[in-house]
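The values are calculated or read from the model by the stated rules, or taken from the named source; none is laboratory data. All values derive from a computational prediction rather than experimental measurement. Methodologically, a virtual Cβ is constructed for each residue, glycine included, from the backbone with ideal geometry; neighbour enumeration extends over all protein chains shown. Heads up: the accessible areas ignore ligands, DNA and RNA and are worked out on the full protein's heavy atoms, side chains in. Shrake-Rupley method; radii C 1.70, N 1.55, O 1.52, S 1.80 Å.
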Amino acid sequence: DLARRQGKKVEKSLTAQWGGYPSKLMLRHNDETVDAHTKKRYHNRAEALIEGMNMPSPEEEQASPKEADAKYESVVRYLLANTRDSSRFGLLFKENTAYGFRRNLYGLKSAGLALLIGCFCFVAYDSRDLLLSGELPGPPAVYLLVAYVVSGVLWLVLVTASSVRDAADEYARQLLTSLEVL
């Protein structure tokens with residue numbers, strides 16, 4: 001629960017930076033993530049599935065981007081409501097899980113790094129006499145210090161906004177692909 005709450009917090013700032021959720025962005029005519037032919041199929045399928053839905057043309061999208069985004073968000077909400085069956089939409093479920101994990105881990109990044117720094121400092125302080133004399137502490141202290149440094153580097157290198165965006169994009173692609181089978 002704590003990880004999810006932190007993940008949801010960072011999700012708000014990330015989606016603000018991105019201009020919205022990737023699933024909505026990918027439905028825009030000016031977004032090139034999905035090719036124009038596939039996007040046209042998605043738009044046509046959304047109109048067929050959702051009563052009263054008229055997807056905007058490129059000109060309508062340009063003239064009224066907020067109205068276009070409202071329609072794209074409606075399509076995404078429809079998809080979310082109709083793809084909850086994890087046995088039928090197994091790959092979508094896996095991509096959603098991957099996105100949620102990365103988002104939540106990114107939300108915990110500051111706390112994780114702070115905890116690692118605290119643990120490193122505690123072990124280093126506990127081994128201060130040896131370290132000040134120029135000697136390395138013996139096991140397990142030296143193993144812990146190395147593990148904290150390696151873990152910190154991994155948090156810094158792997159747990160990034162970019163990795164969250166990659167997972168969000170994959171989830172969005174798979175969510176939109178579900179239009180083809182609904």
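Cα-Cα over 24 Å: which of LYS9/LYS40; LYS39/LYS66; LYS12/LYS39; LYS39/LYS109; LYS71/LYS94; LYS9/LYS39?
Beyond 24 Å: LYS9/LYS40; LYS12/LYS39; LYS39/LYS109; LYS71/LYS94; LYS9/LYS39.
If you roll a 1.4 angstrom probe over the protein chains with everything in place, what fraction of the accessible area of the range 127-175 belongs to carbon and sulfur, to the nearest %? Intermediate values should be presented prior to the final figure.
Details: 1980 of 2940 Å².
The computed percentage sits at 67.
With a 10 Å radius around each residue's Cβ, average the other Cβ atoms per peptide and rank 20-32, 123-135, 158-170, highest first.
Ranking, from highest mean packing down: 20-32, 158-170, 123-135.
Could you give the nm distance between label points at LYS12 and ARG41, where each point is 7 Å from its Cα heading toward the beta carbon?
Modelled inter-label distance: 3.8 nm.
Rounded to the nearest Å, what's the spacing between the alpha carbon centres of the range 1-35 and the range 46-111? Just the number, please.
9
In degrees from 0 to 90, rounded to the nearest 10, what is the angle of the helix 2-18 Cα long axis to the longest principal axis of the chain?
60
Percent of Cα-Cα pairs more than 25 Å apart in the chain, please.
Result for the distance tail: 49 percent.
How much accessible area per residue does the chain have, counting only protein heavy atoms and a probe of 1.4 Å, in square angstrom?
For the chain, the solvent-accessible area averages 61 Å² per residue.
Regarding the range 31-138, what is the average projected area of its C-alpha convex hull, in nm²?
Average of the hull's projected areas for the range 31-138 equals 12.8 nm².
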